[in-house]
């Protein structure tokens, strides 16, 4: 089963770029253009991992994160914050709310982001093995 | 005074006894009737005759007088006086007239006008003397009294004159005083005029200042009556221009937003300044301040409260600005980074996944340059934003105790692993002893370290970069030494300032080497963790040595 990745990103520049690299890397990529759509798609499709932006219309990333973690159906899906908000406080808040990683887009090449996601997915699915 | 002696004119020795008796009895009667004392002596002065008046005046009886001389009552004058008198009457045979002081039998002194004349017979021989004395004591005493009286009058006159003078003086003094008072009064008046003018000027200045305030102003007395306001007060409160204000009026306007009466009363009661920074008022944000107005009633006495000053400011714009300043960093970083990330990411994807399609080496170079430019731009944005945050103390240091040697070692292995295009010998000189843990923010320490090592790599073309760690006092000092190009002396002092590179001028800046904010940021970071950063030494053509220090964890017994 290929990894299903949900990219929640309102900026088409970013969205397209990350779609490309993850498709190159054989990920099954789904996209949402705002927080609300992201939340709906997460609930409906149960992706393997979610890349979640913060500054978005309708519902911001942190609110989406709250809802995801509050819902038993989605709370186990690893959420990686992928944003350009570089404030330490934002990162801290997100990690406290249950995000597994906080990645600042501008600090990393797309390939590095893929590698980080890969590591997390690997760790997460390894953890899940005993349960299944 | 010499008067010819008395001659017995008309007397003749051959007068009949009857005639002589007649003569004698009548003469005696006549003499006794006289108020003047009359005595007759012989040539030696022995008294042979005395009239009644002589008895009355001298107090001696005739029996006591006869056979004696007038010395009985005389002898009160000087010896020379009597000698002179005797010479006149006896030798010169002239009459003596003069004033004599005599002494009565009872011891009382009295003064007489005396005339003593020699009695000379026809043949010119001296027969005796006749002395007639007329007591003038009463006259004298009257005169003395008169003189005394005159003297008294004179004294009284003098007193009066003095009194008059005194009066005059007093009057003069009064006049002078009056003049002085007048001049003082006029000078006081003038002073009052001047002072009033000054006060009016002060008042005008103050009023102008108060009017020019950008904040609403209300001066209240202790009872809450508003003594003075400025026009701005009305506009701040969105009230009609020129509103006259009372505390109740203010309270009505602010009702539901701010309890101004309570604030006023608390200010008066506590005599403390009260400050309310954020009062939402309609669509504005107000700031209200109450200052007690204290005054010293008398010199030396304590201060008493005489009122309260209320300042109402509209801080809406300031708050919006502050908030936008806060938001600026987040938004700027986000908005600038996102397109830069797209440039960086997409060029990176091109180079990674479309390498075979990028045949032309120039095209590859161009895409690479775009990619590298985006990275440089991201770094510049980061530097600028970091400086802004650091200068405004918006960066929080997450200090903890950690092993700085471990951090340095890991970071250096990163360099040796990824390598640099330059063939530099980057090495850590391991300390001889174990180092205590430091207390700082490891991420920030790493940033500073990367900055210093990065600078060394940048400016060293060949040779080595060595890192030494050593405990000094309560700090660990990390020294980074290179064999690079060194820094000219003239630029050494500017190193840790904003936008300073060790270049010679603005136009010779090596823009490929960064913004010139690196050392400035490092300084702000390291000082934020109570450490220090400095240039140890630098010599052109030989290399530079930079160091920074981080405090040792105070809980460690080192």
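Annotations
- Residue that is nearest to the other protein chains (Cβ to nearest Cβ) [pool: residues in segment B:379-402 that are at pLDDT below 80 and part of a loop (DSSP other than H, G, I, E, B)]: B:396
- Options B:227, B:236: the member that is touching a residue at least 40 places away in the same chain (Cβ under 8 Å), under 34 Å from the mean Cα position of the chain (by Cα) and closer than 16 Å to residue B:311 by Cβ: B:227
- Test: residue B:268 is over 20 Å from residue B:209 (Cα atoms) and surrounded by 12 or more Cβ atoms within 10 Å (Cβ to Cβ): yes
- Selection status of residue B:324, more than 14 Å from every other protein chain (Cβ to nearest Cβ), without any contact (Cβ under 8 Å) to a residue 60 or more places away in the chain, touching a helix residue (DSSP H, G or I) at 6+ places or on another chain (Cβ under 9 Å) and within 23 Å of residue B:203 (Cβ to Cβ): no
- Meets criteria (part of a strand (DSSP E or B) and modelled with pLDDT under 90) for residue B:295: yes
- Test: residue in segment B:403-419 that is modelled with pLDDT of 90 or more and within 14 Å of chain A (Cβ to nearest Cβ): no
- Consider segment B:333-372 and keep the residues that are in contact (Cβ under 8 Å) with a residue 12 or more places away in the chain and farther than 18 Å from residue A:16 by Cβ. The one that is nearest to the other protein chains (Cβ to nearest Cβ) is B:333.
- Matching option when the condition is modelled with pLDDT of 90 or more, under 29 Å from residue B:316 (Cα atoms) and under 33 Å from the mean Cα position of the chain (by Cα), among B:218, B:208: B:218
- Filtered by the rule that a residue be crowded, with 18+ Cβ neighbours inside 10 Å, facing chain B (nearest Cβ under 8 Å) and in a helix (DSSP H, G or I), segment A:103-113 gives A:105, A:106, A:110.
- The requirement of being within 28 Å of residue B:481 (Cα to Cα), in contact (Cβ under 8 Å) with a residue 60 or more places away in the chain and surrounded by fewer than 18 Cβ atoms within 10 Å (Cβ to Cβ) is satisfied by residue B:397.
- Residue B:441 meets all of the listed conditions (1) at negative phi; (2) surrounded by fewer than 18 Cβ atoms within 10 Å (Cβ to Cβ); (3) within 14 Å of chain A (Cβ to nearest Cβ) but one, namely (2).
- Residue identified as modelled with pLDDT of 85 or more and not in a helix (DSSP H, G or I) among B:434, B:342: B:434
- Lone qualifier among B:375, B:311 - being surrounded by 13 or more Cβ atoms within 10 Å (Cβ to Cβ) and more than 14 Å from every other protein chain (Cβ to nearest Cβ): B:311
- Which numbered condition residue B:284 misses (of (1) surrounded by 12 or more Cβ atoms within 10 Å (Cβ to Cβ); (2) closer than 30 Å to residue B:204 by Cβ): (2)
- Looking only at segment A:72-102, and only at residues there that are out of contact with any helix residue (DSSP H, G or I) (no Cβ under 7 Å at 6 or more places or on another chain) and farther than 22 Å from residue B:337 by Cα, the one that is farthest from the other protein chains (Cβ to nearest Cβ): A:72
The values are calculated or read from the model by the stated rules, or taken from the named source; none is laboratory data. Please read all numbers here as calculations on a predicted model, not as lab measurements. Virtual Cβ from ideal backbone geometry, glycine too; neighbours counted across all protein chains shown.
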